[in-house]
1. For the range 500-642, I need the span (max minus min coordinate) of the C-alpha atoms along each principal axis, in Å, sorted largest to smallest.
2. What's the exposure ranking of 374, 623, going from fewest to most Cβ atoms within 10 Å?
3. Where does the range 372-411 land on Rg/Rh, using Cα atoms and the Kirkwood Rh?
4. If you rank 123, 284 by fewest surrounding Cβ atoms within 10 Å, what's the result?
5. List 720, 517 from most exposed to least, where exposure is judged by having the fewest other Cβ atoms within 10 Å.
6. Suppose the chain between residue 240 and residue 283 were pulled fully straight at 0.36 nm per residue; how much longer would it get relative to their current alpha carbon spacing?
7. Normalise the Cα radius of gyration of the range 77-165 by 2.2 N^0.38 Å (N = residues in it) and let me know the number.
């Protein structure tokens with residue numbers, strides 16, 4: 001039954017629609033999985049079959065009403081099937097993965113294209129003899145089909161004998177069967193008297209649908225295999241992650257145990273040193289130097305204790321016994337008695353509001369730690385003339401302890417970060433340096449006591465910070481007793497530094513000048529005492545302040561000694577500015593730092609520093625290093641003066657043309673150095689190389705080690721793309 005007004009059978013129409021749906025389905029899958037080449041070849045076969053079905057069935061009865069000439073309707077109806085046949089050898093070659101069919105896959109279509117093209121596109125238009133064309137158009141394809149099918153079957157059998165893969169063998173035979181049916185369909189059409197649409201449906205489209213079903217089944221199996229492989233990989237990955245996690249946890253536990261053991265072993269000698277020092281002071285009297293030693297030992301002991309407590313917290317150990325009754329009011333008053341002295345030294349007003357007999361079920365040492373850390377931070381970060389308010393109040397069964405100040409404040413984005421271990425706010429410390437462990441321990445202690453700690457601070461609106469701790473109040477029973485103090489209120493080690501006040505030494509034109517840039521006031525005081533007897537000493541607490549001092553002090557420093565880690569402007573940025581400033585780049589520079597990494601040392605030397613001395617250092621060694629650097633600088637100045645005098649004595653009648661020529665060469669030299677992006681230190685070294693200096697002489701002249709000179713020269717050679725000194729001179733002076 002045909003579908004009016006076109007000559008297409010209902011069954012063929014349904015098949016065409018299904019094939020179009022299959023085509024777009026395969027297209028979507030191919031776009032998602034472009035690595036599946038077989039899907040692409042199958043998609044092309046589907047498209048050719050759709051064209052064949054449409055053309056053969058649409059123009060099976062030429063229609064004069066169709067706006068296509070009758071001749072072309074016949075050509076489209078009778079020849080499109082051959083284009084499917086032309087593609088099949090290539091399709092089999094690719095999908096069957098048989099290398100021996102390479103010839104058929106690449107050139108087989110020519111055995112069909114040449115005779116079919118000649119008969120339908122040349123002979124038929126010239127003779128209009130369609131019957132002759134239809135009769136003889138079958139013979140060349142039939143002969144080639146027989147050859148190709150035999151070759152394919154032999155190849156399939158050979159492949160099976162080679163690899164013995166029965167599953168692939170069955171798949172190849174199935175495709176071979178479908179192709180064979182397609183190839184014999186023209187012969188059936190010639191010798192059997194059945195309708196063309198029946199032949200197309202039964203022998204071609206049904207076989208194609210079977211082939212497509214087979215392909216879909218194979219795709220599903222492939223997807224399932226990939227899913228199984230993915231699941232297996234996921235399980236293996238989870239297992240490997242689990243094993244690696246266990247390894248890392250063990251390694252971390254070993255490191256933690258090693259750290260805890262180290263801290264534990266350190267506390268014993270520190271305790272002995274501290275006690276013997278206190279006995280010595282009590283016996284022979286207090287001296288400022290001994291006070292500084294004692295204060296720093298106390299600070300070190302406190303930092304180590306905090307580190308020890310934090311690691312025990314992290315390992316899940318209980319460091320406090322909270323089955324005690326602590327007098328919060330008494331603990332706070334005991335600490336305030338000492339805190340008032342520190343506040344007076346810093347000219348800070350301390351206001352207090354402390355409720356009486358506030359009891360809490362907690363370890364007195366834990367409450368003392370909360371008080372010490374919060375109040376010490378308030379004093380540290382409050383400027384002179386500031387104000388601190390400490391309150392302890394109750395409401396119902398709750399205790400409110402708050403410490404507020406009008407200091408630098410804490411930005412909102414840092415309210416949570418300050419409770420992270422080892423985190424320090426980047427602000428002017430004024431010499432107060434710690435490990436960033438106090439507040440994390442406070443947070444853990446408050447959490448253990450089922451309390452809450454809040455921060456109220458927004459420096460963009462108002463200065464200052466308020467930290468408020470909320471805890472559970474305890475009502476004492478008659479049978480209960482308040483625990484005796486198990487803490488030391490004299491534990492404000494870091495606050496002693498505020499007593500140190502250091503001014504620049506009076507300028508003496510007979511002495512050389514040294515600029516010390518260091519943010520630890522104790523270290524500044526120590527260096528000042530060591531150096532001020534022999535040199536003029538001017539001090540700064542960061543790079544920004546140092547640049548101001550260099551402009552204000554009566555003379556430029558002959559040497560700069562700088563720390564690396566400082567607020568506002570660190571040592572590296574300060575050294576970079578010095579090395580690039582024409583008025584300052586001649587000043588020798590030495591780094592003092594607690595950062596031990598080779599990267600920091602290399603960076604400092606690249607900026608022109610003469611040396612990078614690690615803390616702790618020997619004062620005698622430092623003094624010898626300073627003396628040597630200044631003596632070498634003096635020798636260089638004398639050499640320059642001597643050369644200038646010689647030039648004056650012998651250059652009274654200078655050749656002005658030669659002088660202009662030398663100036664021109666010098667200008668070219670400077671321009672070329674800038675072109676190759678040489679640093680100021682590299683330019684100085686290049687000039688000395690052009691003057692014939694050896695590496696050792698360059699090191700002595702610039703007060704740097706010979707190995708440092710070699711590193712700079714290597715960098716220069718890489719930038720200029722040369723390999724020796726002669727090439728360097730030629731490139732920079734030409």
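1. Sorted largest first, the three principal extents are 41, 34, 30 Å.
2. With the sparsest Cβ surroundings first, the list reads 623, 374.
3. In the range 372-411, Rg relative to Rh is 1.07.
4. Starting with the residue having the fewest Cβ neighbours, the order is 284, 123.
5. 720, 517
6. Separation in residues times 0.36 nm, less the Cα-Cα distance, equals 9.1 nm.
7. Normalised Rg, Cα atoms only: 1.29.
FYI, it's all coordinate maths here, none of it is from the lab. Predicted, not measured: the structure shown is a model, and the values here were computed from it. Glycine also receives a Cβ, built like all others from the backbone with ideal geometry; neighbour counts cover every protein chain displayed.
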